[in-house]
Amino acid sequence: MVSPPSNDDWSTRHSVRATARRTAALVNALTAEPAPDPAAIAGLLLDHGESGPLELSTDDVAGMRTAALRLREVFAAGHVDEAAGALNRLLREGTGPLRLSSHDGRSPWHPHLDSDDEAPWGEWLLASSCMALTVLLWEGQRPPGGLCSSPSCGDVFLTVGSGPERRYCSRRCATRERVAAHRRAKAGAGSRTP
């Protein structure tokens with residue numbers, strides 16, 4: 001019997017929130033145009049705690065891109081019932097039964113919804129993302145994410161934590177839109193005649 005790694009940060013790197021953050025980053029990267037480079041996606045996976053080295057093929061990335069496009073439905077949901085419906089559909093159509101894996105003792109035991117430890121990357125992305133987003137919806141009783149309201153962006157973001165409802169993926173997008181609205185208001189006020 002192989003003992004699982006004693007690396008205490010494994011659970012942190014693969015927590016529900018860390019997996020959801022990885023999902024959002026991958027959805028944004030994989031749905032961008034032009035299609036992303038396999039090396040860039042491998043780097044993103046490594047940045048989010050996957051063990052390396054990783055070599056992805058263009059077919060791997062194409063499968064992940066298909067999964068990412070389907071996952072955008074969850075982020076686009078405007079209401080918790082709509083997000084739950086999208087997740088239920090993805091769970092029903094794109095995942096296997098819940099199972100536990102330790103990757104032959106290379107990691108602590110953890111849940112998987114893909115068919116096996118050697119499942120294609122697209123299947124793995126869809127299954128692991130659905131699991132994380134499902135738990136976030138369950139915990140928060142609201143959509144686990146959203147789409148950026150900036151017309152020039154469209155990235156997905158997570159809605160974890162408390163506070164007012166988010167509309168933008170980043171402070172940069174929010175600031176850009178506030179400045180644009182201010183300029184439009186100022187230009188509109190300047191064009192009025194007394």
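Each Lys or Arg adds one and each Asp or Glu subtracts one; over the other residues with Cβ under 13 Å from the Cβ of ALA86, this totals 0.
In the range 1-111, Cα pairs under 8 Å separated by at least six residues give a relative contact order of 32 percent. So if I take the centroid of the Cα atoms in the range 134-194 and the same for the range 34-87, what is the distance between those two points in Å? For the range 134-194 versus the range 34-87, the Cα centre distance is 23 Å. Using the Cβ of ARG99 as centre and a radius below 11 Å, the other residues enclosed give a net charge of -3, where K and R count +1 and D and E count -1. Cut-off 18 Å, label point 7 angstrom out along Cα-to-Cβ of GLU50: give me the residues of the range 65-89 whose amide nitrogen falls inside. Label zone hits: 65-72.
Within the accessible area of the chain, the carbon and sulfur atoms contribute 54%, probe 1.4 Å, all protein chains present. Comparing SER128, SER150, SER162 in a Gaussian network model of the chain, where Cα atoms under 10 Å apart are tied by springs, the biggest mean-square fluctuation is seen for SER162.
Gain on full extension, evaluated as 0.36 nm per residue between LEU100 and TRP138 minus their Cα-Cα distance, stands at 11.6 nm. Can you give the net charge of the other residues whose Cβ lies under 15 Å from the Cβ of ALA77, counting K and R as +1 and D and E as -1? Cβ neighbours under 15 Å give a net charge of +2.
The values are calculated or read from the model by the stated rules, or taken from the named source; none is laboratory data. Model, not experiment: these values are computed from the prediction. In this analysis, Cβ positions are derived from the backbone assuming ideal geometry, glycine residues included, and neighbour counts consider all displayed protein chains. Ligands, DNA and RNA are excluded from the accessible area calculation, which covers all protein heavy atoms including side chains. Shrake-Rupley method; radii C 1.70, N 1.55, O 1.52, S 1.80 Å.
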